[in-house]
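Quick notes on the structure that follows.
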Amino acid sequence: MLGIKNRIIAVCCAAIDSDSIKYYMNYFTEYAKKNNYKILFFRSFSDLYRAASHGKHDIGESCIFSLINYKLIDAMIILPETIKCPAVRDDLIRHAKLNNIPVISIDHYIEGCYNINYDYKTALEKILCHLIEDHHYTCINFIAGIKGNAYSDERIDIYKKVLKEHNIPIEEERIGYGGFWSIPTKKVIKDFINSELPMPQAIACANDTMAITAYNSLINAGYDLPREIAITGFDGLIQAIEHYPAITTAQHDYENAVIKAFDILNDIFNHKEVPAVNYINSNVIIGGSCGCHYDSIKKYNNLSYNLNNRYDAQIQFNKDQINMTADLNDNSSFQGMFDKLTRYAKNFFSHRFWLCVVDNFLTEDEELSDILDDNASLHFGYSNHMDVVLSKHDTIWQGMTDFETSNLLPNIESVLEEEDNILFLPLHVLDHTIGYAALVYEPDKMNMEQLYQFLMNVSTALETMKVHQRQQNIISSLENKYIHDPLTGLLNRRGFYQKVLPDFNRCINEEKHFIAISVDLNGLKKINDTYGHSDGDIAISAIGNILINSSFQDETCARFGGDEFVMAGPLADDLDANDFLDKIHQNINIYNKMHNHPYDVSASIGIITGIPTPEISLDDFIKAADEEMYKDKVLHHQRREQ
């Protein structure tokens with residue numbers, strides 16, 4: 001646990017297209033403060049439905065829940081209906097239980113947790129009774145969800161119960177299954193229209209999405225709604241409440257559910273007994289879709305005004321995102337990218353935020369073998385250490401720093417002393433984890449849809465920069481291999497000419513002296529035949545190192561192949577051929593004294609110096625040095641024969 005006086009509660013939820021989560025988060029923020037709790041929100045933008053079938057984007061999203069350090073929290077509240085991947089849901093519960101963390105589940109019963117469920121039954125009964133008792137409808141169809149689904153079957157049972165209580169015959173043909181979404185619902189409406197049964201006076205739907213679809217489908221089919229057919233929904237979606245006319249529906253009492261959650265936590269921490277299941281009522285909202293008089297012109301005008309404002313704001317946001325994407329991609333380094341990202345800090349929708357990336361993500365000089373190794377080059381999950389690459393507190397930008405991932409943020413204790421909550425959101429491309437964004441959740445500022453788009457664009461830009469960086473490293477590595485000798489590390493013939501030819505031409509233009517040294521390892525074949533090729537490689541490498549150590553002003557050394565070496569470059573005014581010859585022989589002697597080989601390393605050496613002219617090529621200089629080397633090799637053989 002952290003050393004602060006407040007209890008810390010983790011709240012886990014998912015999905016961006018759910019109105020309920022906005023209500024929940026706002027109420028959690030409000031009532032946590034009233035109850036002296038601190039909240040750590042862990043939220044994915046996706047509902048993780050595709051994570052169960054190995055969808056890479058949803059797998060990347062789900063990593064945010066692996067960030068939770070159960071040693072830092074005192075309790076967990078989970079919204080299981082928003083997390084559509086059972087494995088992720090179960091994993092959260094399992095880890096909490098292993099760490100003796102009490103878990104409250106809202107709107108989904110979980111064994112071993114404290115459950116807060118909504119009383120669907122009473123609210124749906126009230127809606128159906130309203131149709132029968134207030135509007136006197138006696139022919140009511142019902143659109144359920146998925147056949148066999150517990151929620152769907154429960155609502156069918158309520159429908160049948162209410163009809164039976166009012167002595168209305170139950171006709172199975174008047175029940176359709178809309179799957180809780182639009183496409184199946186359209187088919188159900190078509191089936192109702194084509195049925196031999198008379199069209200109903202009303203259609204009650206098991207959720208608002210199906211109610212809105214049913215309403216519009218019947219309008220398109222030529223029916224006068226709600227005069228000819230009334231429609232009701234359930235769930236209290238914003239789209240239903242703002243529909244014209246408003247859909248008669250039932251909305252969960254999110255506020256009282258959150259209040260109840262904190263009451264349960266207070267009882268747990270005070271060692272009081274808490275029921276395993278607690279119920280919260282849902283509130284019926286009467287609109288105009290059921291046939292009630294509903295003067296919604298003023299509301300419609302206000303809705304139209306708000307929608308136009310939101311549309312204009314979204315257009316401007318999209319333009320900003322296009323500019324930001326261009327700015328972030330127009331960089332040659334991560335630092336340049338982060339500098340430009342500061343221009344778009346408003347898109348974090350918070351006065352305080354942190355942008356954290358996995359350890360080594362910013363590493364520029366990666367080895368080719370690591371780049372080509374997927375396990376080394378791609379991150380799945382969070383590293384043990386994270387880097388804060390961008391951070392702002394009010395108007396103050398804070399520098400880069402690293403921290404242990406288990407702490408979630410640098411100095412998290414002091415942060416939670418100052419702030420009431422922190423929201424953690426994933427940064428990733430597909431299932432490749434880049435890091436996470438952390439920010440103080442401020443309901444009045446937040447636009448979660450735009451934040452999602454912003455963070456996805458940032459993630460893509462970071463990944464693009466990383467891919468570009470790796471491409472450059474691959475090119476550099478291959479180019480380096482292309483011009484270097486793998487045994488000695490010296491330049492090969494190709495690399496030698498690339499580097500030395502400009503120096504040679506400069507000596508021509510400036511009429512300066514140039515030196516070329518041809519070196520040939522003596523007795524390589526005998527070393528290979530007598531002691532093995534590994535010793536031959538040792539001797540070759542030795543000559544390479546000797547030449548490097550014998551340069552005076554970084555003359556270029558190269559291995560042309562086999563036992564042939566070349567050293568060349570502009571010649572300083574105070575040096576001559578003998579200076580190089582003496583230094584090479586001296587370093588050969590030092591090497592032989594320091595290494596107890598059964599053979600001595602020696603070389604034949606030819607040196608040529610002079611001021612090159614346009615009529616003399618670099619090849620001419622090398623050839624002249626070779627000729628001098630061959631003369632020395634003849635002398636070497638003569639000395640051996642004597």
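The values are calculated or read from the model by the stated rules, or taken from the named source; none is laboratory data. Computed from a prediction, not measured in an experiment: that's the story for all the values here. Note: ideal-geometry Cβ built from the backbone for every residue, glycine included; neighbour counts use all protein chains shown. Side chains are part of the model used for accessible areas, which takes the heavy atoms of the whole protein and leaves out ligands, DNA and RNA. Shrake-Rupley method; radii C 1.70, N 1.55, O 1.52, S 1.80 Å.
I need the full set of residues from segment 535-558 which are without any contact (Cβ under 8 Å) to a residue 60 or more places away in the chain and either open to solvent by 70 Å² or more (accessible area, probe 1.4 Å) or not small (Gly, Ala, Ser) (or both), in order please. First the steps, then the outcome.
Here is the first cut: in segment 535-558, the residues without any contact (Cβ under 8 Å) to a residue 60 or more places away in the chain are 536-538, 540-542, 544-555.
Across segment 535-558, the qualifying residues are Asp537, Ile538, Ile540, Asn545, Ile546, Leu547, Ile548, Asn549, Phe552, Gln553, Asp554, Glu555.
Please work out if Gly610 is on the phi > 0 side of the Ramachandran plot and more than 59 Å from the chain's Cα centre (by Cα). Reasoning before the result, please.
Working: on the phi > 0 side of the Ramachandran plot: yes; more than 59 Å from the chain's Cα centre (by Cα): yes.
Criteria met by Gly610.
Going through segment 68-94 one residue at a time, which ones are open to solvent by less than 10 Å² (accessible area, probe 1.4 Å) and either farther than 23 Å from Lys260 by Cα or part of a loop (DSSP other than H, G, I, E, B) (or both)? Break it down into steps so the answer makes sense when it comes.
In the first step, residues of segment 68-94 are kept if they are open to solvent by less than 10 Å² (accessible area, probe 1.4 Å); the result is 73, 75-80, 83, 85, 92.
Ile73, Leu79, Ile83, Cys85, listed by residue number.
For segment 569-596, enumerate the residues that are in contact with a helix residue (DSSP H, G or I) (Cβ under 7 Å, 6 or more places away or on another chain) and either aliphatic (A, V, I, L, M) or at pLDDT below 95 (or both).
First, the residues of segment 569-596 that are in contact with a helix residue (DSSP H, G or I) (Cβ under 7 Å, 6 or more places away or on another chain): 569-570, 584, 587-588, 591.
The answer is Ile584, Ile588.
(1) open to solvent by less than 20 Å² (accessible area, probe 1.4 Å); (2) at pLDDT 95 or above: which one isn't true of Ser152, the others all being true?
(2)
Provide a single number: the residues in segment 44-60 that are open to solvent by less than 10 Å² (accessible area, probe 1.4 Å) and under 23 Å from Ser406 (Cβ atoms).
Residues that pass the stated criteria total 2.
Consider only pairs whose beta carbons are under 6 Å apart and that are at least six residues apart or on different chains; among these, list those whose first residue lies in segment 290-311 and is within 26 Å of Asn141 (Cα to Cα) and modelled with pLDDT of 65 or more and whose second residue is outside any helix (DSSP H, G or I) and open to solvent by less than 80 Å² (accessible area, probe 1.4 Å).
Close Cβ pairs (under 6 Å, with a partner that is outside any helix (DSSP H, G or I) and open to solvent by less than 80 Å² (accessible area, probe 1.4 Å)) amount to Cys290/Ala230; Cys290/Thr232; Cys290/Thr248; Gly291/His135; Gly291/Pro226; Gly291/Ala230; Cys292/Ile286.
For segment 201-314, which fully contained strands (runs of 3 or more DSSP E) count at least 2 residues that are within 30 Å of Tyr31 (Cα to Cα) and in contact with a Ser or Thr (Cβ under 7 Å, 6 or more places away or on another chain)? Spell out the reasoning first.
Values: elements: 202-205, 230-232, 249-252, 277-285.
In segment 201-314, the matching strands (runs of 3 or more DSSP E) lie at 249-252, 277-285.
Could you please find all residues in segment 437-459 being in a helix (DSSP H, G or I) and touching a helix residue (DSSP H, G or I) at 6+ places or on another chain (Cβ under 8 Å)?
At the first step, the residues of segment 437-459 found to be in a helix (DSSP H, G or I) are 448-459.
The answer is Met448, Gln450, Leu451, Gln453, Phe454, Asn457, Val458.
Those residues that are more than 14 Å from Arg43 (Cα to Cα) and touching a helix residue (DSSP H, G or I) at 6+ places or on another chain (Cβ under 6 Å), I need them from segment 4-22; list them, please.
Within segment 4-22, Ile4, Asp19 meet the criteria.
Here's a check for you: in segment 587-605, which residue that is in contact (Cβ under 8 Å) with a residue 24 or more places away in the chain and assigned to a helix (DSSP H, G or I) is least open to solvent (accessible area, probe 1.4 Å)?
Filtering segment 587-605 for residues that are in contact (Cβ under 8 Å) with a residue 24 or more places away in the chain and assigned to a helix (DSSP H, G or I), the one least open to solvent (accessible area, probe 1.4 Å) comes out as Ile588.
Step by step: first the residues of segment 109-134, then only those that are farther than 19 Å from Tyr279 by Cβ and buried (at least 16 other Cβ atoms within 10 Å of the Cβ), then the one that is farthest from the chain's Cα centre (by Cα). Which residue is that?
Here is the first cut: in segment 109-134, the ones farther than 19 Å from Tyr279 by Cβ are 128-134.
Right, trim to buried (at least 16 other Cβ atoms within 10 Å of the Cβ) and you get 128, 130-132.
Numbers: Leu128: 46, His130: 49, Leu131: 49, Ile132: 52 Å.
Filtering first and then ranking leaves Ile132.
Answer yes or no: is there a residue in segment 606-613 that is farther than 24 Å from Asn545 by Cβ and loosely packed, with under 12 Cβ neighbours inside 10 Å.
So in segment 606-613, the residues farther than 24 Å from Asn545 by Cβ come out as 610-613.
Within this subset, residues satisfying the condition of being loosely packed, with under 12 Cβ neighbours inside 10 Å are 613.
The answer is yes, given that some residue of segment 606-613 is farther than 24 Å from Asn545 by Cβ and loosely packed, with under 12 Cβ neighbours inside 10 Å.
Have a look at Ile127, Ile143 and point out the one that is modelled with pLDDT of 95 or more, under 28 Å from Ala211 (Cβ atoms), touching a Ser or Thr at 6+ places or on another chain (Cβ under 7 Å) and part of a helix (DSSP H, G or I).
Working: Ile143 fails: part of a helix (DSSP H, G or I).
Criteria check complete, one pass: Ile127.
How many of the residues in segment 391-428 are among the small types (Gly, Ala, Ser) and buried (at least 19 other Cβ atoms within 10 Å of the Cβ)? Give the derivation first.
Step one: list which residues in segment 391-428 are among the small types (Gly, Ala, Ser), which gives 391, 399, 406, 414.
Among the residues that remain, those that are also buried (at least 19 other Cβ atoms within 10 Å of the Cβ) are: 391.
Of the residues in segment 391-428, 1 are among the small types (Gly, Ala, Ser) and buried (at least 19 other Cβ atoms within 10 Å of the Cβ).
In segment 561-576, what count of residues is obtained for those that are touching a Cys at 6+ places or on another chain (Cβ under 8 Å) and open to solvent by 20 Å² or more (accessible area, probe 1.4 Å)? Can you show your working first?
The initial filter retains those residues of segment 561-576 that are touching a Cys at 6+ places or on another chain (Cβ under 8 Å), namely 565-567, 570.
When the remaining residues are screened for being open to solvent by 20 Å² or more (accessible area, probe 1.4 Å), the result is 570.
Residues that pass the stated criteria total 1.
Keeping to segment 1-35, report how many residues are of a type in the set (A, V, I, L, M, F, W, C) and open to solvent by 10 Å² or more (accessible area, probe 1.4 Å).
Within segment 1-35, the subset of a type in the set (A, V, I, L, M, F, W, C) is 1-2, 4, 8-16, 21, 25, 28, 32.
Next, only the ones that are open to solvent by 10 Å² or more (accessible area, probe 1.4 Å) stay: 1-2, 4, 16.
Count: 4.
Between a residue in segment 110-128 that is within 19 Å of Val284 (Cα to Cα) and charged (D, E, K, R) and any residue that is open to solvent by less than 20 Å² (accessible area, probe 1.4 Å) and part of a helix (DSSP H, G or I), which pairs come within a Cβ distance under 7 Å, given they are 6 or more apart or on different chains?
Every condition considered, the pairs that remain are Lys121/Ile158; Glu125/Ile158; Glu125/Val162.
Do the conditions hold for Asn331, that is, is it out of contact with any helix residue (DSSP H, G or I) (no Cβ under 8 Å at 6 or more places or on another chain), over 29 Å from Asp420 (Cα atoms) and open to solvent by 20 Å² or more (accessible area, probe 1.4 Å)? I'd like the intermediate steps shown before the answer.
Details: out of contact with any helix residue (DSSP H, G or I) (no Cβ under 8 Å at 6 or more places or on another chain): no; over 29 Å from Asp420 (Cα atoms): yes; open to solvent by 20 Å² or more (accessible area, probe 1.4 Å): yes.
Spelling it out, it is not the case that Asn331 is out of contact with any helix residue (DSSP H, G or I) (no Cβ under 8 Å at 6 or more places or on another chain), over 29 Å from Asp420 (Cα atoms) and open to solvent by 20 Å² or more (accessible area, probe 1.4 Å).
Across segment 579-614, what is the total count of residues that are under 12 Å from Asp632 (Cβ atoms), β-branched (Val, Ile, Thr) and out of contact with any Ser or Thr (no Cβ under 9 Å at 6 or more places or on another chain)?
The total comes to 0.
Show the residue pairs meeting these rules: Cβ distance below 8 Å; 6+ apart or different chains; first residue within segment 179-198 and without any contact (Cβ under 8 Å) to a residue 12 or more places away in the chain; second residue of a type outside the set (Asp, Glu) and surrounded by 15 or more Cβ atoms within 10 Å (Cβ to Cβ).
Pro184/Tyr177; Pro184/Gly178
Taking Ser604, is it touching an Asp or Glu at 6+ places or on another chain (Cβ under 6 Å) and among the small types (Gly, Ala, Ser)?
Here the answer is yes, as Ser604 does meet what is asked.
Identify, please: which residue in segment 363-390 is touching a Phe, Trp or Tyr at 6+ places or on another chain (Cβ under 8 Å) and modelled with pLDDT of 85 or more and is, among those, surrounded by the fewest Cβ atoms within 10 Å (Cβ to Cβ)?
His385
Name the residues in segment 239-283 that are closer than 28 Å to Ile219 by Cα and open to solvent by 50 Å² or more (accessible area, probe 1.4 Å), would you?
Those that are closer than 28 Å to Ile219 by Cα and open to solvent by 50 Å² or more (accessible area, probe 1.4 Å): Gln239, Glu242, Tyr244, Asn283.
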